[in-house]
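Colleague: Dropping the structure in here first, questions after.
The values are calculated or read from the model by the stated rules, or taken from the named source; none is laboratory data. It should be emphasised that the depicted structure is a prediction, and the values quoted were computed from it without experimental measurement. Because the Cβ atoms are built from the backbone with ideal geometry, glycine has one as well, and the counts that use them run over all protein chains shown. Calculation scope for accessible area: heavy atoms of the full protein, side chains included, ligands and nucleic acids excluded. Shrake-Rupley method; radii C 1.70, N 1.55, O 1.52, S 1.80 Å.
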Amino acid sequence: MMRIVTYMLVLSVVPYLGFGQNKINGKVVDQLGFPVYRASVEINATDIITYTDYEGSFLLKSEKDFHWKINIKSKGYKPESFFVLSGGNAGNIVLEYDADIKKLLDGSSSLHPKFYWDSWNEAILFPQSENLLAGAFSISN
């Protein structure tokens, strides 16, 4: 009777020790090396998904054997897929900016010249053409 209790106790602890689960961790960064927060990292064709933390780090666990295909997505970046051949650390995974973010960063976006932040006066400044339009709506006595 004591052996049965011992075996049941050992078998109940096995899932908590991580036996039978494969793990992979890594870090998702952008092209400048900054961490990507809240990027989704999922094992292809499963419902196993996790999200990166503030440092861009993630940890995936699955009972599925390795040779996983993982998909990584985040707003503002091109989606990426990678094959993981063995457990352990995937290292840094670099996401490339999508076309909209590239436009914004190189200054060719239509949003770029619309406003500027004046940190000295802590105010938002608009180009002259915007000031003329704002002037048309000012209240005068």
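Colleague: Name the residues in region 54-84 that are in a loop (DSSP other than H, G, I, E, B) and either open to solvent by less than 70 Å² (accessible area, probe 1.4 Å) or more than 18 Å from Pro35 (Cα to Cα) (or both), would you?
Modeller: Gly56, Glu63, Lys64, Asp65, Phe66, His67, Ser74, Gly76
Condition check ((1) in contact with a strand residue (DSSP E or B) (Cβ under 9 Å, 6 or more places away or on another chain); (2) at pLDDT below 95; (3) loosely packed, with under 13 Cβ neighbours inside 10 Å) across all residues:
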| position | (1), (2), (3) |
| --- | --- |
| Tyr16 | no, yes, yes |
| Asn25 | yes, yes, no |
| Val29 | yes, no, no |
| Val36 | yes, no, no |
| Ala39 | yes, no, no |
| Tyr51 | yes, no, no |
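Colleague: Only one of Leu95, Leu59 is touching a residue at least 60 places away in the same chain (Cβ under 8 Å) and under 13 Å from the mean Cα position of the chain (by Cα). Can you tell me which? Give the derivation first.
Modeller: Working: Leu59 fails: touching a residue at least 60 places away in the same chain (Cβ under 8 Å).
After applying the criteria, what remains is Leu95.
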